[in-house]
Amino acid sequence: MTDHRDEVEQLLAEYRRSREQLADVQQQLTAISESASSDDGLVTATVGGRGVLTGLTIADAAYERYRPAELAAQIVRLTGAATAKAFTGASETLAPALPQDTDPQALLLGTADLSADEITPAADSSAPTADDFGDDESFEDANWIDDSEWQRSR
C-alpha cells in the first residue's frame, strides 16, 4: 500500500509543477507586447502576445501625409509586423512547456494539427478584385454594399 501512496504523491507533485509552469507561461504570454512603427514615425501599432491590436498611435501629421487608403495600409502592415514579432516571442515562451516535436508557431496560429490543404483557403470567386475597379488604385468611391434589395423596395 505504501508503494501506491508514494506513486500518487509523485504524480501529484509532478502535476503541481506542471500547473505552476503553465501559470508562469501564461503570465509571460500575457506580458508580451510588441510594436512596429512607420519609417517616418507617424504611425505605431502595438499588439499583445496573441497578435491582437492593443494600441495605435497616429500623429496628427499622418493625416496630412497619407491619404485614407494609404494610412489604412500602413496600419495593416504595421500591425502585421508587430504581430510577427509578438508571435516570435510567444513561440519562445511557449516552446519549453510543449512536447518536444510540437511547433509552437503552428500551435499559436491554430494550424498545429491541420494539413497544408486544410490551411490554404479556397478561392472566393465572389470577392472583389482590383480588376473590378479599373486602373484607379483608390477604393474611396467604391460601393461595397449590395444595395440591390434596397433599390427594389423603393
What do you reckon, is V8 of a type in the set (V, I, T), surrounded by fewer than 11 Cβ atoms within 10 Å (Cβ to Cβ) and within 30 Å of A95 (Cα to Cα)?
-> yes
Does segment 24-53 hold any residues that are charged (D, E, K, R) and either out of contact with any strand residue (DSSP E or B) (no Cβ under 9 Å at 6 or more places or on another chain) or at pLDDT below 90 (or both), and which are they?
-> D24, D39, D40, R50
Whichever residue in segment 47-99 is among the charged types (D, E, K, R) and either within 9 Å of the chain's Cα centre (by Cα) or within 12 Å of L29 (Cβ to Cβ) (or both) and, among such residues, is surrounded by the fewest Cβ atoms within 10 Å (Cβ to Cβ) | E92
For segment 76-107, enumerate the residues that are farther than 23 Å from T54 by Cβ and of a type in the set (S, T, Y).
-> T102
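The values are calculated or read from the model by the stated rules, or taken from the named source; none is laboratory data. Predicted model only: the values in this text are computed from it and were never measured. Neighbour counts are summed over all protein chains in view; Cβ atoms, including those assigned to glycine, are modelled from backbone coordinates with ideal geometry.
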